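Structure record follows, encoded as structure tokens.
The values are calculated or read from the model by the stated rules, or taken from the named source; none is laboratory data. What you see is a predicted model; the values in this text were computed from it and never measured. Because the Cβ atoms are built from the backbone with ideal geometry, glycine has one as well, and the counts that use them run over all protein chains shown. Surface areas here come from the heavy atoms of the whole protein model, side chains and all, with no ligands, DNA or RNA. Shrake-Rupley method; radii C 1.70, N 1.55, O 1.52, S 1.80 Å.
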Amino acid sequence: MDTDKNTTPDAGANMETKDDTESFTKVKSRKTQKRKREQDGLDMDTEGPVASKRPQFPPISSDKLRGPDEMRKIAVPAHRYTPLKENWLKIFTPIVENLHLQVRFNLKTRNVEIKTCKETQDIGSLTKASDFVKAFVLGFQVEDALALIRLDELFLESFDVTDVKPLKGDHLSRAIGRIAGKGGKTKFTIENVTKTRIVLAETKVHILGSFQNIKMARTAICNLILGSPPSKVYGNIRVVASRTAERF
């Protein structure tokens, strides 16, 4: 009887171990998986049929490519109404004849409205025309602003004198006077050396030119605002201008 009792727990333990071994799943080693992939790659047929031809789509018409007509509006301040009226023919002609756009001055809203039409060939011409009108509204001459239409690498940048240094009263007036110089001498010198055009409108400074030239002119104007004497600024500009000329 004792022997029967002893044998029964051993048999139960054997059954449990068998169940445990069956419940575990065998994990394949990475080496075997890698070998199997290599064999599959060798078995693949590399000399299969040639890929299908590229899909051919019909050409899109110019009307669908251009999309709906776009419009830009440039607000004109009161002190620029008279110059705009006097120079309207010079502004109107390049926008209509060269860029093939429609332009008008809305008397109710006091805005110059520029719009694309069927004759417009280049989509970027609308941006050029709006920059041209904006430059004239800010105070640049029509001849200088026309360069924005003729050349691609010209930009317009504006900033305030108080952005460089918070000045008030006479200090602000003296800073603007240092930028302009006696009879505009300092401003003309910066323009000639950096090959830019500068407009001073109260505390606003507008610069027209290429990216690198605008950077040189802005640095010189900022130094003048911060209090540097004009003679030192002239020297620094000439050194930088000569370096850039040597590079190119």
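A few remarks follow.
- Selection within the stretch 78-134 - more than 23 Å from PHE155 (Cβ to Cβ), charged (D, E, K, R) and open to solvent by 70 Å² or more (accessible area, probe 1.4 Å): LYS85, GLU86, GLU97, ARG104, LYS108, ARG110, LYS115, LYS118, GLU119
- Counting only helices (runs of 4 or more DSSP H) that fall entirely inside the stretch 168-248 and contain at least 1 residues that are closer than 25 Å to ARG80 by Cα, the qualifying elements are 170-180, 185-194, 211-226.
- Only one of VAL133, VAL112 that is among the β-branched types (Val, Ile, Thr) and in a strand (DSSP E or B): VAL112
- Within the stretch 203-226, if we keep just the residues that are surrounded by fewer than 18 Cβ atoms within 10 Å (Cβ to Cβ) and touching a residue at least 24 places away in the same chain (Cβ under 8 Å), the residue that is nearest to GLU143 (Cα to Cα) turns out to be SER210.
- Unmet requirement for GLY235, which otherwise passes all of (1) surrounded by 13 or more Cβ atoms within 10 Å (Cβ to Cβ); (2) farther than 27 Å from ASP131 by Cβ: (1)
- Figure legend. Inter-residue proximity from the stretch 140-159: first residues assigned to a helix (DSSP H, G or I), second residues open to solvent by less than 30 Å² (accessible area, probe 1.4 Å) and of a type in the set (Gly, Ala, Ser), beta-carbon distance below 7 Å, spacing 6+ or different chains. Indicated pairs: ALA145/ALA135; LEU148/ALA135.
- Whichever residue in the stretch 149-176 is out of contact with any Ser or Thr (no Cβ under 8 Å at 6 or more places or on another chain), of a type outside the set (Phe, Trp, Tyr) and open to solvent by less than 40 Å² (accessible area, probe 1.4 Å) and, among such residues, is nearest to PHE92 (Cα to Cα): ILE149
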